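Asker: This is the structure, below, for whatever I ask next.
The values are calculated or read from the model by the stated rules, or taken from the named source; none is laboratory data. Because the structure is a prediction, the values reported are computed rather than measured. Glycine also receives a Cβ, built like all others from the backbone with ideal geometry; neighbour counts cover every protein chain displayed. When the accessible area is computed, the model is the full protein with side chains, heavy atoms only, and any ligands, DNA or RNA have been set aside. Shrake-Rupley method; radii C 1.70, N 1.55, O 1.52, S 1.80 Å.
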Amino acid sequence: QVQLVESGGGLVQPGGSLRLSCAASGYIFSLHTMGWHRQAPGKQRELVATITRGETTNYVDSVKGRFTISRDNAKKTVSLQMNSLKPQDTAVYYCAVNLVGSTYWGQGTQVTVSS
């Protein structure tokens, strides 16, 4: 079955960096677009970044220039490098993949940006 497992969250001060990783299994990873989403308390889940199988990337405006999504097809992982973090980046971060019309989610990893 499809499994997505995120890691790398934690507490960081404003201006700091974190790198999130998501390990995928149960499908042909290299063929599918991967996405990172986040959900802050009291807010709707939002799409943060995507990377296609051809490694084309897209970002929500609020993270452009600060976050970088990447993938390693050999290791079946997708990563999100987050720099210059701000308190408003605090959220649970999820990786996700859409397969045949169904979206699969990881369990999420908490990112807290606070001094």
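Asker: Output the qualifying pairs, or none if there are none: Cβ atoms under 8 angstrom, residues six or more apart or on different chains, first residue in the stretch 33-56 and closer than 17 Å to MET82 by Cβ, second residue outside any strand (DSSP E or B) and open to solvent by 80 Å² or more (accessible area, probe 1.4 Å).
Answerer: Filtered contacts from the stretch 33-56: HIS37/ARG45; ARG38/ARG45; GLN39/ARG45; ALA40/GLN88.
Asker: How many of the residues in the stretch 87-98 are outside any strand (DSSP E or B) and surrounded by 14 or more Cβ atoms within 10 Å (Cβ to Cβ)?
Answerer: Final tally of qualifying residues: 2.
Asker: Against the condition modelled with pLDDT of 95 or more, within 17 Å of GLN107 (Cα to Cα), exposed (fewer than 12 other Cβ atoms within 10 Å of the Cβ) and polar (S, T, N, Q), how does GLN44 come out, does it pass?
Answerer: yes
Asker: Please specify each residue of the stretch 51-69 satisfying the condition of being buried (at least 16 other Cβ atoms within 10 Å of the Cβ) and either in contact with a Ser or Thr (Cβ under 9 Å, 6 or more places away or on another chain) or not in a helix (DSSP H, G or I) (or both).
Answerer: Across the stretch 51-69, the qualifying residues are ILE51, TYR59, PHE67, THR68, ILE69.
Asker: Checking GLY16 against (1) open to solvent by 40 Å² or more (accessible area, probe 1.4 Å); (2) part of a loop (DSSP other than H, G, I, E, B); (3) in contact (Cβ under 8 Å) with a residue 12 or more places away in the chain, which test does it fail?
Answerer: It fails just one condition, (1).
Asker: Further question: Of these, GLY26, GLY35, which one is out of contact with any Ser or Thr (no Cβ under 9 Å at 6 or more places or on another chain), under 17 Å from THR103 (Cβ atoms) and either surrounded by 14 or more Cβ atoms within 10 Å (Cβ to Cβ) or not polar (S, T, N, Q) (or both)?
Answerer: GLY26
Asker: Identify the residue in the stretch 70-86 that is of a type in the set (A, V, I, L, M, F, W, C) and more than 10 Å from the chain's Cα centre (by Cα) and, among all such residues, is most open to solvent (accessible area, probe 1.4 Å).
Answerer: Top of the filtered list is ALA74.
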